[in-house]
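Take a look at the structure below.
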Amino acid sequence: MGEELGAVEYKYPTLIPIKTMQNIMYLSSRPESLNFVSRLNEDMNLIDDFSEQAKTIESDVDMSRLGSHFQTDMINSSAVCFHTYAQYKNRDLNLTDKPLIIGAEGKCFRYESKSMRTLERLRDFTMREIICLGTEEMISEYIKNVTEKIKLLFEEIGMNYYLASANDPFFVEEFSIQSTFQRTFGLKTEVNARLNGNSSKVAIGSINNHKDFLGRSFHITNNGKVINSSCAAFGLERCVYAFLNQYGLDKKLWPQIVRENANP
């Protein structure tokens, strides 16, 4: 889909600086899901002491014993697109008739307590995104096009799915008083796959309209005007989980197009 939309492909790192995420106040809006990356201070006495303590560690490391002797300046990225906005921070894109479209795949990390089970919800998972930056009109056209391509793809491979309006307030901190902001303005559409004979479902992807929020947060403009942005994102393990839930492990029962393109 990304290639058809003219996306430029990027591979982004796993780690992202905390100061980058503070552009959208992510640490205060979703702290329970964060996976911090810590390191010991550059103090050889401290490092030697920790090394001795580590010899007795059997499971979890009690970081509280180290007090202020370690630093946390990075987190494991919770979404691939944040790297894109950091990449174009403080830049003017000078777009004319076409938006900037980026295809990206990367590892993402979210801690979701007891909800983490099987491939349905992982702490460490793979995300594929198609990200679009441009004018409000360009974003509107992109969302229309990518939505149609998603429908065609999942219908072609025989996925039992449906689209539904949803809300996820991570990028609308300033509108938190209006809890229905995204739903009201149709800014997030979830791609839901039906599971267990239609008795349950899992969100395998989403189409998100960020309006100009991320453009303002990262100071990205287009010919002097703050850009709008959108992304279509998919959790690849969830897609696999949903497909196997619907069709099983026997490849002979899979739709022909999937059998023909699956690895042996």
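Listing for the model above:
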| item | result |
| --- | --- |
| Calculated FRET efficiency for the pair S165/V37, C-beta based, R₀ 35 Å, to 0.05 | 0.50 |
| Sulfur and carbon atoms: percent of accessible area, the chain [1.4 Å] | 51 |
| Spin-label model distance (nm) - K251 vs E52, 7 Å beyond Cα toward Cβ | 5.7 |
| K55 accessible area, 1.4 Å probe, all protein chains in place, Å² to nearest 10 | 150 |
| With eigenvalues of the C-alpha gyration tensor scaled by 5 and rooted, the range 1-128, Å | 35, 19, 13 |
| Per residue accessible area in Å² of the chain, where ligands, DNA and RNA are left out and the probe is 1.4 Å | 55 |
| Partner lysines for K225 [C-alpha distance under 27 Å; skip if fewer than 8 residues away on the same chain] | K19, K89, K98, K144, K188, K211 |
| Cβ charges +1 (Lys, Arg) and -1 (Asp, Glu), total dipole of the range 190-246, debye | 120 |
| Solvent exposure ordering (accessible area, 1.4 Å, most first) of T118, T189, T96 | T96, T118, T189 |
| Equivalent ellipsoid, the range 73-174 (semi-axes from 5 times Cα gyration tensor eigenvalues, Å) | 26, 22, 13 |
| Candidates I101, I143, I157: whichever shows maximal mean-square fluctuation once the chain is modelled as a Gaussian network with Cα springs under 10 Å | I157 |
| Difference of contour (0.36 nm per residue) and Cα-Cα distance, E4 to I18 | 1.7 nm |
| Space enclosed by the convex hull of the alpha-carbon atoms of the range 207-264, per residue, Å³ | 136 |
| Sum of -39500 (n - 2.57) over DSSP H runs of 4+, divided by residues of the chain (222 nm, nearest 500) | -8000 deg cm²/dmol |
| Environment charge at N90 (Cβ cut-off 14 Å; Lys +1, Arg +1, Asp -1, Glu -1) | +3 |
| Translational D in µm²/s for the chain (Stokes-Einstein at 10 °C, 1.306 mPa s, Kirkwood Rh from C-alpha pairs) | 77 |
| Rounded to the nearest 10 Å², the accessible area of R39 at probe 1.4 Å | 110 |
| Highest-MSF residue in the chain out of P13, P99, P31 [GNM, Cα springs under 10 Å] | P31 |
| Fluctuation leader among D92, D48, D250 - the chain, Gaussian network, Cα springs under 10 angstrom | D48 |
| Amide H partners (placed H, <5 Å) of I227, local residues excluded | I220, T221, N222 |
| Residue (of G158, G235, I102) at the positive-pole extreme of the chain, dipole from beta-carbon charges | G158 |
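The values are calculated or read from the model by the stated rules, or taken from the named source; none is laboratory data. These numbers were taken from a predicted model, which means no experiment stands behind them. Cβ: placed from backbone, ideal geometry, glycine included. Neighbour counts: every protein chain shown. Surface accessibility is based on the protein's heavy atoms, side chains included, excluding ligands, DNA and RNA. Shrake-Rupley method; radii C 1.70, N 1.55, O 1.52, S 1.80 Å.
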